[in-house]
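For reference, the structure is listed below as structure tokens.
Values quoted throughout were computed directly from the atomic coordinates according to the rules given, and no laboratory measurement underlies them. The structure presented is a predicted model; accordingly, all values stated were derived computationally and were not measured. Every residue, glycine as well, gets a Cβ built from its backbone with ideal geometry; the counts of neighbours run over all protein chains shown.
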Amino acid sequence: MTSACRLYLITPPRIDDPARFAALLADVFDAGDVACLQLRLKGATDEDILHAGEVLMPVCHERDVAFLLNDRPDLAAALGADGVHVGQEDMPYAQARRIMGAEAMIGVTCHDSRHLAITAAEEGADYVAFGAFYPTATKQARTRADTDLLSWWSALMEVPVVAIGGITVANCAPLVRAGADFLAVCGGVWDYADGPAAAVRDFNRAIGNAAADMSRI
């Protein structure tokens with residue numbers, strides 16, 4: 001488990017020009033700490049996903065940022081990605097592990113369910129993801145999670161926990177204080193009023209301030 005909360009960045013759902021986005025991504029990474037990037041292109045063809053991965057993955061690795069793919073272990077394996085994230089309606093964890101191999105990072109969406117999270121951890125998931133914690137326009141959120149879920153998990157389990165759903169610079173502090181190891185953010189970075197690089201700087205500042213508050217308790 002990480003000792004401090006970190007950013008888990010998710011791409012916009014559409015990337016028209018991967019090369020141009022790669023330049024933006026480099027600036028974003030250079031602005032502050034980012035643990036990983038999840039490539040999530042909803043509705044894109046396999047060819048487009050593979051092309052985007054081939055362009056973006058080197059930018060990640062040059063800056064020691066893990067590169068994950070959403071939903072598709074087959075494409076992640078073909079790319080040589082660091083890992084994959086699977087939802088409850090995607091490929092089962094065990095099958096994803098067989099495709100990706102023992103060394104890959106595999107995370108599992110667990111919504112607001114303690115049972116799903118415990119099952120994923122027992123099967124060997126590298127992290128579990130709870131959410132949505134706040135209203136989000138990025139995707140249709142079927143469940144709403146509470147910070148008590150993060151506190152419960154972090155107190156009992158060593159498997160890292162990711163908080164997701166509507167997270168912004170303004171509302172992230174309670175999630176950090178509750179024990180989130182990672183904050184999965186999409187619109188909170190790409191739609192930030194001052195730009196994505198400023199969002200990463202401000203997220204890291206907010207995370208640091210929340211962590212400092214915890215140390216004073």
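The simple spin-label model puts a point 7 Å past each Cα toward its Cβ; for Asp74 and Glu62 those points are separated by 3.2 nm. Note on Gln88 and Asp213: the extension gain reaches 41.5 nm, defined as 0.36 nm multiplied by sequence separation minus the Cα-Cα distance. Amide H contacts for Leu68 (H built 1.01 Å from N in the peptide plane; partners 5 or more residues away or on another chain; cut-off under 5 Å): Leu37, Gln38, Leu39.
Segment Asp33..Ala137, full-extension length gain: 35.0 nm, with 0.36 nm per residue of separation and the alpha-carbon distance subtracted.
Each other residue within a Cβ distance under 14 Å of Cys5 adds +1 if Lys or Arg and -1 if Asp or Glu, for a net charge of 0.
With Cα atoms defining each centre, region 66-125 and region 136-214 are spaced 20 Å apart in the structure.
Distance between the pseudo-spin-label points of Arg144 and Asp194 (7 Å out from Cα toward the beta carbon): 3.0 nm. Put in line by how crowded their Cβ is, counting other Cβ atoms within 10 Å and starting with the fewest, Leu41, Leu50, Leu156 read Leu156, Leu50, Leu41. Remark on region 6-216: hydrodynamic radius 17.2 angstrom, per the Kirkwood mean of 1/r across alpha carbon pairs.
Put in line by how crowded their Cβ is, counting other Cβ atoms within 10 Å and starting with the fewest, Ile99, Ile10 read Ile99, Ile10.
This ranking places Asp33, Asp202 by how few other beta-carbon atoms lie within 10 Å of each, fewest first, which gives Asp33, Asp202. For region 167-173, the Karplus equation 6.51 cos²θ - 1.76 cosθ + 1.60, evaluated at θ = phi - 60°, returns couplings of 7, 10, 4, 6, 10, 7, 4 Hz by residue, with Gly and Pro reported as x. Whole-percent P(r), region 72-120, all Cα pairs, 5 Å bins from 0: 5, 23, 33, 21, 11, 6, 1.
Over all other residues within a Cβ to Cβ distance under 15 Å of Ala193, the charged ones net out to -2, with Lys and Arg as +1 and Asp and Glu as -1.
Note on region 6-216: dipole from Cβ charges, positive end direction compared against Phe182, Ala104, Tyr93; the farthest Cα belongs to Phe182.
The dipole here belongs to region 6-216: it is taken about the Cα centre, uses +1 on the Cβ of Lys and Arg and -1 on the Cβ of Asp and Glu, and is about 520 debye.
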